[in-house]
Amino acid sequence: MPTLCKPSVNVPEYVITQEETLEFAERVHAGKPQLPLVMRLIKNTGVRKRHIVQPIEQTLKHPGFAERNRIYEAESKRRCPGVIQEALANADLHVSDIDAIIYVSCTGFLMPSLTAWLINTMGFRSGTRQIPIAQLGCAAGGAAINRAHDFCTAYPDGNVLIVACEFCSLCYQPDDDGVGSLLSDGLFGDAVAAAVVRGSGGTGMALERNASYLIPGTEEWISYSVRATGFHFQLDRRVPGTMEPLAPVLRGLAAGHGWDIGNLDFYIIHAGGPRILDDLSKFLDVDRKMFRHSWATLTEYGNIASAVVFDALRRLFDEEEPIAGATGIVAGFGPGITAEMALGRWTTAPAYPRELAQTARSRVA
């Protein structure tokens with residue numbers, strides 16, 4: 001059965017605290033009519049600090065869309081390989097064992113995808129499938145897990161590497177006075193994450209069922225306006241209320257699998273903001289502490305977009321691995337409004353013997 005192994009996560013070395021964020025917001029956006037509201041919203045995010053890919057003085061400048069995308073390319077190439085190597089080690093695999101790479105990001109653009117550079121640079125096989133996902137935003141982490149599950153269901157001996165690379169700070173727009181844009185300046189952080197879904201063997205979440213759901217008529221609620229200055233984040237004020245219509249979807253997914261959504265052993269939920277986590281806890285009738293890994297990610301790193309679910313899962317591994325057979329869910333939310341959900345049980349199955357894996361892989365290639 002496909003198993004989601006322990007992720008690897010890395011955050012940049014530059015740190016900005018909530019206090020510093022409020023100070024910069026008050027100075028840079030002084031006199032803006034929306035500022036008092038935004039200051040209150042930022043204080044209520046619960047984000048104590050975030051990590052960013054450049055010093056704050058450089059982040060606050062706008063050198064142009066082309067230069068920002070150049071920085072995105074350089075930093076992704078600098079930071080992804082180490083995270084990938086750690087994720088492979090966590091899964092007890094080598095680059096030659098990977099059959100597909102899913103790369104997710106919504107904060108920069110490359111063509112060909114970074115997957116091509118990774119294959120050429122890190123020694124992945126030339127026949128490795130490339131599956132870049134660029135426009136699902138924060139939901140892309142969950143979508144990547146689900147597409148890896150699908151791949152390994154079709155190819156039971158295959159292994160899929162997932163890479164999530166998000167440099168949200170490169171989307172800062174100093175002249176954008178929209179409430180959604182200003183709030184995002186105090187909510188989003190930067191991170192790189194990677195994880196492997198093994199077709200067989202390994203320790204982690206054995207994936208049993210996945211589903212996607214789009215709330216009708218909400219495609220404009222989370223979006224980018226692409227302008228000469230780059231990506232401008234747009235957030236509708238109704239977004240925080242989307243957990244009420246999504247909760248029955250998660251409940252129905254679990255019920256269709258014979259499970260009670262309110263009585264699982266672990267929950268890996270996208271930390272889009274405090275209202276998202278609080279509402280989902282209420283509507284699913286789940287104790288708030290069951291979302292502690294997502295809360296910790298939000299508090300220490302902010303909303304790191306598609307990387308959130310991987311960091312929350314890493315924290316679950318680090319805290320104390322669940323017992324074999326423990327039931328859980330991964331859920332990511334993003335533009336659409338889209339939900340990507342996966343159910344699974346904890347497994348501590350031994351790794352598939354490498355010599356057998358190499359024989360089986362010839363059937364995947």
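The values are calculated or read from the model by the stated rules, or taken from the named source; none is laboratory data. For clarity, every value in this text was computed on a predicted model and none was experimentally measured. Because the Cβ atoms are built from the backbone with ideal geometry, glycine has one as well, and the counts that use them run over all protein chains shown.
In table form, for the structure just shown:
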read-out	value
Boolean, S181 is touching a strand residue (DSSP E or B) at 6+ places or on another chain (Cβ under 7 Å), without any contact (Cβ under 8 Å) to a residue 60 or more places away in the chain and surrounded by fewer than 18 Cβ atoms within 10 Å (Cβ to Cβ)	no
Residue match in the stretch 154-164 (condition: outside any loop (DSSP other than H, G, I, E, B), touching a His at 6+ places or on another chain (Cβ under 8 Å) and not aromatic (F, W, Y))	no
Search result, residues across the stretch 273-313 that are charged (D, E, K, R) and buried (at least 21 other Cβ atoms within 10 Å of the Cβ)	D311
Wholly within the stretch 42-136, helices (runs of 4 or more DSSP H) carrying at least 1 residues that are without any contact (Cβ under 8 Å) to a residue 40 or more places away in the chain, under 20 Å from D185 (Cα atoms) and among the charged types (D, E, K, R)	56-59, 65-90
Selection count, the stretch 150-171, where residues are buried (at least 21 other Cβ atoms within 10 Å of the Cβ) and in contact with a Ser or Thr (Cβ under 7 Å, 6 or more places away or on another chain)	8
Filter result for A296 (of a type outside the set (F, W, Y) and farther than 22 Å from V104 by Cα)	yes
Condition met for R209 (farther than 24 Å from R275 by Cα and either in contact (Cβ under 8 Å) with a residue 60 or more places away in the chain or among the acidic types (D, E) (or both))	yes
Hits in the stretch 9-24 - residues which are within 18 Å of D190 (Cβ to Cβ) and either aliphatic (A, V, I, L, M) or in contact (Cβ under 8 Å) with a residue 60 or more places away in the chain (or both)	V9, N10, V11, P12, V15, I16, Q18, T21
H29 vs. criteria of a type outside the set (A, V, I, L, M), in contact with a Phe, Trp or Tyr (Cβ under 9 Å, 6 or more places away or on another chain) and touching a residue at least 24 places away in the same chain (Cβ under 8 Å)	no
Filter result for G204 (surrounded by 22 or more Cβ atoms within 10 Å (Cβ to Cβ), touching a residue at least 24 places away in the same chain (Cβ under 8 Å), closer than 28 Å to A87 by Cα and in contact with a Ser or Thr (Cβ under 6 Å, 6 or more places away or on another chain))	yes
Strands (runs of 3 or more DSSP E) contained in the stretch 215-277 and holding at least 2 residues among the β-branched types (V, I, T)	222-227, 266-269
Selected residue (criterion: surrounded by the fewest Cβ atoms within 10 Å (Cβ to Cβ)) from residues of the stretch 184-201 that are among the small types (G, A, S) and touching a Phe, Trp or Tyr at 6+ places or on another chain (Cβ under 7 Å)	S200
Residue in the stretch 85-108 that is nearest to A307 (Cα to Cα), counting only those that are buried (at least 24 other Cβ atoms within 10 Å of the Cβ) and among the hydroxyl-bearing types (S, T, Y)	S105
Complete set of residues in the stretch 130-168 that are of a type in the set (D, E, K, R) and over 17 Å from A87 (Cβ atoms)	D150, D157
Filtered residues of the stretch 124-138 (kept if at pLDDT below 95, surrounded by fewer than 21 Cβ atoms within 10 Å (Cβ to Cβ) and in contact with a helix residue (DSSP H, G or I) (Cβ under 9 Å, 6 or more places away or on another chain))	A134
Top-ranked residue of the stretch 289-347 - restricted to ones that are farther than 18 Å from A193 by Cα and of a type in the set (V, I, T), ranked as farthest from the chain's Cα centre (by Cα)	I323
